[in-house]
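Take a look at the structure below.
Taken together, the values in this text are just the output of simple stated rules run on the coordinates, not laboratory data. Remember, predicted model here, so these are calculated numbers, not experimental data. Quick reminder, even Gly has a Cβ in these numbers, built from the backbone with ideal geometry, and neighbours come from all protein chains shown.
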């Protein structure tokens, strides 16, 4: 081991790179494999040549394993990227649908009479409270509730007619 360790380490660094942490492990694995398969060594051949062959094969095996891991990682990143693109497309489609719906509501709102348009605008577009609407329009709070309910029903009817009629 002491005699061939540094030479085998150079072989590993040639294949894997000089800063690769696996080089030491592969040299150790080379010696373990050689010990396990010692019966296959032919004494008339140089011991280093046999160890070198084992080491090179282990390096190729490590490189193949890394390539598979990189491919799996790449495939994972690729599927994540596809998911992000798909999600963005869905969000864009939802935004388009909301925009279309708002266009329909605004068009239907223009079809309401002035009183309904005003009360719906104050509550749903400007976000005023019922009591503030009652003060602004000089109505009783109960009247605000009932008128708003009636006006929303009329607005809903106009929106649905616009959808069925193909208007925005």
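Fully extending the segment from residue 14 to residue 63, taken as 0.36 nm per residue of separation minus the present Cα-Cα distance, adds 16.4 nm.
Taking the highest mean first, how do the peptides 2-9, 14-21 order by number of other beta carbon atoms within 10 angstrom per residue? Walk me through the intermediate numbers first.
Working: 2-9: 13.8, 14-21: 12.1.
Top to bottom by mean Cβ count within 10 Å: 2-9, 14-21.
Between 24, 78, 126, the residue with the greatest mean-square fluctuation in the GNM of the chain (Cα pairs under 10 Å linked by springs) is 126. Between residue 6 and residue 74, the simple spin-label model (points 7 angstrom out along Cα→Cβ) gives 3.9 nm.
Relative contact order (percent) for segment 111-165, with alpha-carbon contacts under 8 angstrom and 6 or more residues of separation?
Numbers: 29 pairs, mean separation 21.4, N = 55.
Computed value for segment 111-165: 39 percent relative contact order.
Shape of segment 5-67 from the C-alpha gyration tensor: prolate (a/c of 1.5 or more and a/b above b/c, with a ≥ b ≥ c the square roots of its eigenvalues). Considering helices alone, the calculated mean residue ellipticity of the chain at 222 nm is -27000 deg cm²/dmol, with DSSP H runs of length four and up weighted by -39500 (n - 2.57) and normalised per residue. Between residue 39 and residue 22, full extension at 0.36 nm per residue minus the direct alpha carbon distance yields a gain of 3.4 nm. Working from label points 7 Å from Cα in the Cα-to-Cβ sense, the residue 152 to residue 107 distance is 2.4 nm. For segment 81-118 and segment 1-40, write down the distance between their C-alpha centroids in whole Å. What the calculation gives is 66 Å, centre to centre.
With neighbour counts taken as other beta-carbon atoms within 10 Å, the residues 25, 96 rank, fewest first, as 96, 25. Rounded, prolate or oblate for the chain? Axes are the square roots of the Cα gyration tensor eigenvalues, ordered a ≥ b ≥ c, and the cut-off for rounded is a/c under 1.5. Since a/c reaches 1.5 and a/b is larger than b/c, the shape of the chain is classed as prolate.
Classification of segment 29-95 by its C-alpha gyration tensor yields a prolate form. The axis ratio a/c (a ≥ b ≥ c) is 1.5 or more, and a/b outweighs b/c. Equivalent-ellipsoid semi-axes for segment 111-165 (Cα gyration tensor, √(5λ), whole Å, largest first): 23, 10, 8.
Sorted fewest first by neighbouring Cβ atoms within 10 angstrom, 13, 30 come out as 13, 30. Relative contact order for the chain: 18 percent, from Cα pairs under 8 Å spaced at least 6 residues apart, divided by residue count. Convex hull volume per residue, computed on the Cα atoms of segment 40-134, equals 133 Å³.
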